[in-house]
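Chemist: Quick one: structure below, then a few questions.
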Amino acid sequence: MTSDYLKKLEAESIYIMREVVAQFERPALLFSGGKDSITLLELAIKAFAPGKVPFPLVHIDTGHNFPEALEYRDSRVKELGLQLIVRHVEDTIREKNLTEPTGKFASRNWLQTYTLLDTIEEFGFDACIGGARRDEEKARAKERIFSIRDEFGQWDPKLQRPELWNTFNGKINKGENVRVFPISNWTEIDVWSYIKSEGIPLPSIYFSHVRQVIEHEGQLIAVSPFIKLTEEDVIQNRTVRYRTVGDMTCTAAVESYASTIEQVMTEIISTRISERGETRIDDRATEAAMEDRKKTGYF
Amino acid sequence: MDILRFITAGSVDDGKSTLIGRLLYDSKSILTDQLEAIEKSSKNRNDGEIDLALLTDGLRAEREQGITIDVAYRYFSTANRKFIIADAPGHVQYTRNMVTGASNSDLVIILIDARKGVIEQTRRHSIIASLLGISKVFVTINKIDLVEYSEDRYNEIVAEYEEVAKSLDIKDIQYFPVSALNGDNIVDSSLFTPWYLGPTLLEALETVDVEPDIEHEASRFQVQLVIRPQTPELHDYRGYAGRIGSGKYSKGDKVRIFPSGIETEIERIEFAGKEIPVAVAGESVTILLKDEIDISRGDSIFHSNDVVNETAEPEALICWLDEKPLQIGNKYLLQQGQRRVRTVVREINFKLDVNTLQPSEVFEVRLNEVVKTKLKLQSPIAVDAYKINKGNGCAILIDETSHKTVAAVLFQ
């Protein structure tokens, strides 16, 4: 049974989903196989039932994904009979002659922006629905639910439109597009509570499993072909789960024996570290990492 | 568990960021790594002690300039409530942000510096909150430590604010003597204010009753979009998707469609494709009607016997949010919920001074100004007075050339 406050969050998000479809010609939902986009998809299904989800899912594949997340993505899409568009960062790097990042954990995270903008152009998407939440990160705390981006995908925090009541202004100029964040007002634990109460299936990596990892500056990084191992690295088998699902190169695992959603939630509630702080290598680079990426068109 | 949305009004100097930081910190919503990050920033800026205000300073641009440029949203919860804070800056030029933040808030926290007492800004924030229909006001008299925790000073400020409240018709006020910096009466009761017997700020936030009884108000439902799957098994399905603004809808209810005026009956209400017997305010549902009628986005479904103001010449207060001024005769797109109609500002009756509420003559309206206007619409809308029904009494104006949201409209 969904609790009263989750029902309110759900109703607000469904309302936003419907505004997107009513106000835009070619929306798309960005789907990564992570828990936030899984929640978005569930809300989209509810918003348009008994009709089908009236927009395609888009996945910008960095090539560094967890295989479990991709399997989940494909089986969910098949089960629900949805349209999935996948575009590869690999192709963008080749076609645009971009420089492949280097280093121990060479992350293609930044490069996703290029592929995303190309995909938006290729299909003429005017609105991209994403699962960003305002509690995640401080730049996100300041972003609107309908976030207007210029033709370079750039976010200008100083020029945001005032967003009043529940009235969303989706009118844009040619070349602009909008990123829409229907679960802006949800927190990490709200998402978990909702997934639990709705019984939504999740990729297996969210639950405890044994994995080969190395320890790097206190974080556990999965051994994969995408990271460079050196002689100092000690490969160990550890029992872990993932709290977020990003690239294998920039997502750290959490040591855990939690094998059910209840156990995972208990651990998250008692932890004293934030979601991004615990699991994202990319946010620790500079204090304003997200602000900088958003300004250049990142999600 | 329920949700409370509140806005904090005050400037950096009043300790607003510190207050929010304190609420988050003492309610254990700040996690180790976030604390480490602000410890690092505090050191970088040679401040010495941990600066709780840094918890709420978002963007680098703001930190460099030491200002807050936009509304930020913060989240924390206790066992009983989820809290959504709209953190709006208090400087003169940012009235626009406060209006934005206040539009979705149930309660406002007004900060007063105990050394300064009620100042022009206090009055302005109270006026905006009252214009936007926020009925609950928490007045936090901050920096009480800097006036030696003086009960007399506290009482003096309470008396000053009572005067402001009287002129604004604000009835539901609670006062708190606090020090955000030291944590007095924020989460835990202070040992230094034995004369204060009321709840701490967090205790009051946790227990204050704010849900207006919108289920029992008049029925308001606007169509967001029409769901027509057009599959073989759902060939004739026509569902009107939308969110119940106020009131309650049930199967079999006799309803009237706006603007066509056609009467019909609710055949079925669905949530997520499944039938539900009744839908109440706040719920996102789909309504199916007995008769096949031409209904599109922006049309409304009301109970047949509910009265609503159908008008093409509404009077409204307008809060101007754009750099380009408003002039009599300007044309805009008015968006009331899901309905968009062309609009011309026919008359500007007077300007409302947000510091004094005094009306004055006006010919041109600039950013952050509030004016009383008469609009002329291309076609009628079905609205309520904002004071009676917030959700169905508001709209925005959109500049058709820039597509920007240029005004908040409150119908009278």
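Every number here is computed from the coordinates shown, using simple stated rules; none is lab data. Treat the numbers as computed from the prediction; the structure is a model and nothing was measured. So basically every Cβ, Gly included, is an ideal-geometry build from the backbone, and we count neighbours across all protein chains shown.
Chemist: Distance in nm between label sites at B:S150 and B:E206, each 7 Å beyond Cα in the beta-carbon direction?
Modeler: 3.3
Chemist: In peptide B:260-271, what is the residue-averaged number of other protein chain Cβ atoms found within 10 Å of each Cβ?
Modeler: Mean number of neighbouring Cβ atoms from other chains: 1.
Chemist: Using the Cα centre of the protein assembly as shown as origin and beta-carbon charges of +1 (Lys, Arg) and -1 (Asp, Glu), tell me which of B:L397, B:L146, B:A129 is placed farthest towards the positive end of the dipole.
Modeler: B:L397
Chemist: May I ask you to sort A:D233, B:D13, A:D4, B:D106 by Cβ crowding, counting other Cβ atoms within 10 Å and putting the fewest first? Can you show the working numbers first?
Modeler: On the way: A:D233 16, B:D13 13, A:D4 10, B:D106 19.
By the 10 Å Cβ count, ascending, the order reads A:D4, B:D13, A:D233, B:D106.
Chemist: Could I ask something else about it? Roughly how many debye, to the nearest 20, is the charge dipole of the protein assembly as shown about its Cα centre, given +1 on each Lys and Arg Cβ, -1 on each Asp and Glu Cβ, and no other charges?
Modeler: On the way: 88 positive and 112 negative charges, 283 e Å.
Dipole of the protein assembly as shown, to the nearest 20 debye: 1360 debye.
Chemist: Using r as the Cβ-Cβ distance of A:S197 and B:E292, and R0 as 25 Å, what FRET efficiency do you calculate, to the nearest 0.05? Walk me through the intermediate numbers first.
Modeler: On the way: r = 37 Å, r/R0 = 1.48.
For R0 = 25 Å, the calculated efficiency reads 0.10.
Chemist: Moving on. Shape of the range A:2-77 from its Cα gyration tensor (a ≥ b ≥ c, root eigenvalues): rounded if a/c is under 1.5, otherwise prolate when a/b > b/c, or oblate?
Modeler: Oblate is the answer for the range A:2-77, as a/c is 1.5 or above yet b/c matches or exceeds a/b.
Chemist: Do the sum for chain B: with -39,500 (n - 2.57) for every DSSP H run of n ≥ 4, divided by all residues, what is the mean residue ellipticity at 222 nm, to the nearest 500 deg cm²/dmol?
Modeler: When only DSSP H runs of four or more count, the value is -5500 deg cm²/dmol.
Chemist: Per residue and in Å³, how big is the convex hull formed by the alpha-carbon atoms of the protein assembly as shown? Can you show the working numbers first?
Modeler: Numbers: hull volume 113.8 nm³, N = 711.
So the per-residue hull volume is 160 Å³.
Chemist: For the range B:335-399, run through the GluC sites (Glu not before Pro) and keep only the ones in DSSP coil with at most 11 other Cβ atoms within 10 Å of their Cβ.
Modeler: B:E361
Chemist: R0 = 22 Å: FRET efficiency of B:N80 with A:S270, Cβ-based, nearest 0.05?
Modeler: Once the sixth-power term is evaluated, E becomes 0.70.
Chemist: I would also like to ask the following. Which GluC sites (Glu not before Pro) in the range A:1-75 pass both tests, a DSSP loop state and at most 16 other beta-carbon atoms within 10 Å? Can you show the working numbers first?
Modeler: Details: sites: A:E10, A:E12, A:E19, A:E25, A:E42, A:E68, A:E71; in loops: A:E25.
Loop-located and lightly packed - A:E25.
Chemist: Turning to a different aspect of this structure: List, in the order given, every pair from B:K254/B:K376; A:K8/A:K196; A:K46/A:K78 whose Cα-Cα distance in the structure shown is over 22 Å.
Modeler: B:K254/B:K376
Chemist: For peptide A:9-20, compute the average count of partner chain beta-carbon atoms within 10 Å of each residue's beta-carbon.
Modeler: Values: counts 2, 4, 8, 4, 1, 8, 7, 2, 3, 11, 5, 1.
Average neighbour count from other chains, rounded to a whole number: 5.
Chemist: Where a ≥ b ≥ c are the square roots of the eigenvalues of the C-alpha gyration tensor, would you call the range B:309-411 rounded, which needs a/c under 1.5, or, failing that, prolate if a/b is larger than b/c, or oblate?
Modeler: Since a/c reaches 1.5 but b/c is at least a/b, the shape of the range B:309-411 is classed as oblate.
Chemist: If you average the alpha carbon positions of the range A:115-186 and of the range B:391-411, how far apart do those two centres end up, in angstrom?
Modeler: Using only Cα atoms to place each centre, the spacing works out to 19 Å.
Chemist: Turning to a different aspect of this structure: Could you give the nm distance between label points at A:E255 and A:E151, where each point is 7 Å from its Cα heading toward the beta carbon?
Modeler: 5.3
Chemist: Let me ask something additional. Report for chain A the percent antiparallel among DSSP-assigned beta bridges with both residues inside it, nearest 5. Each step should come with its number before you reach the end.
Modeler: Numbers: 17 of 30 bridges.
In chain A, approximately 55 percent of DSSP beta bridges are antiparallel ones.
Chemist: Just to be sure I understand: of the beta bridges DSSP finds with both ends in chain B, what percent are antiparallel, rounded to 5?
Modeler: Numbers: 73 of 99 bridges.
Here the antiparallel bridges make up roughly 75 percent for chain B.
Chemist: Given the peptides A:254-264, B:198-208, arrange them by the average over their residues of other C-beta atoms within 10 Å, most packed first.
Modeler: Result, highest mean first: B:198-208, A:254-264.
Chemist: Could you sort the peptides A:124-131, A:96-103, B:264-271 by per-residue average Cβ neighbour count (10 Å cutoff), highest mean leading?
Modeler: The densest-packed peptide leads the list: A:124-131, B:264-271, A:96-103.
Chemist: Return a whole-number percent for the relative contact order of chain A, with Cα pairs under 8 Å and 6 or more residues apart as the contact set.
Modeler: Answer for chain A is 21 percent.
Chemist: Say R0 is 51 Å: what FRET efficiency, to the nearest 0.05, do B:F350 and A:E231 get from their beta-carbon distance?
Modeler: Working: r = 79 Å, r/R0 = 1.54.
After rounding, the FRET efficiency stands at 0.05.
Chemist: Specify whether the C-alpha gyration tensor of chain B places it in the rounded, prolate or oblate class, a ≥ b ≥ c being the square roots of the eigenvalues: rounded for a/c under 1.5, otherwise prolate if a/b is larger than b/c and oblate if not.
Modeler: Judged from the Cα gyration tensor, chain B comes out prolate (a/c at least 1.5, a/b above b/c).
Chemist: Then there is this: Only bridges with both residues in the protein assembly as shown count here: give the DSSP antiparallel percent, nearest 5. Walk me through the numbers before you get to the answer.
Modeler: Details: 90 of 129 bridges.
Counting only bridges with both partners in the protein assembly as shown, antiparallel ones make up about 70 percent.
Chemist: Right, another one. Tell me which lysines have Cα within less than 22 Å of A:K158's Cα, excluding those fewer than 8 residues away on the same chain?
Modeler: Candidates past the 8-residue exclusion: A:K138, A:K142, A:K171, A:K174, A:K294, A:K295, B:K16, B:K324, B:K404.
Chemist: Helix-derived [θ] at 222 nm for chain A: sum -39500 (n - 2.57) over DSSP H runs of at least 4, divide by residue count, nearest 500?
Modeler: -10000 deg cm²/dmol
Chemist: How far apart, in nanometres, would the label points at B:K251 and A:E90 be if each is projected 7 angstrom from Cα along the Cα-to-Cβ direction?
Modeler: Using points 7 Å along Cα→Cβ, the separation is 5.3 nm.
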